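Notes follow the structure.
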């Protein structure tokens, strides 16, 4: 039930975000809050102990930055 409620909440937020106009001053604060709530969240573990075996075993450099699609501008917001 919690997952369904969360899906409904984010669907409503996305719909509201699409209907509000950024040019209207009264909508700006709400749009800023919606942008923060709708941003993708990435959980990363930058631990040396996680990456050390990769470096030792396969010669991989610490995987902190993306290696593909560097020429493309991001189209989604993330935190």
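Among what's in segment 27-60 and is part of a loop (DSSP other than H, G, I, E, B) and surrounded by 10 or more Cβ atoms within 10 Å (Cβ to Cβ), pick the residue that is modelled with the lowest pLDDT.
Ranking the candidates gives 60 first.
Of the residues in segment 17-26, how many are farther than 24 Å from residue 7 by Cβ and part of a helix (DSSP H, G or I)?
Residues in segment 17-26 being farther than 24 Å from residue 7 by Cβ and part of a helix (DSSP H, G or I): 2 in total.
For a quick check of your reading of the model, give me the residue pairs whose first member lies in segment 1-26 and is modelled with pLDDT of 90 or more, whose second is surrounded by 10 or more Cβ atoms within 10 Å (Cβ to Cβ) and part of a loop (DSSP other than H, G, I, E, B), with beta-carbon atoms closer than 7 Å and at least 6 apart or on different chains.
Note: no pairs meet the criteria.
The values are calculated or read from the model by the stated rules, or taken from the named source; none is laboratory data. Since the model is a prediction, treat every value here as computed from it, not as a measurement. Here the Cβ is made from the backbone with ideal geometry for all residues, glycine too, and neighbour counts use every protein chain on show.
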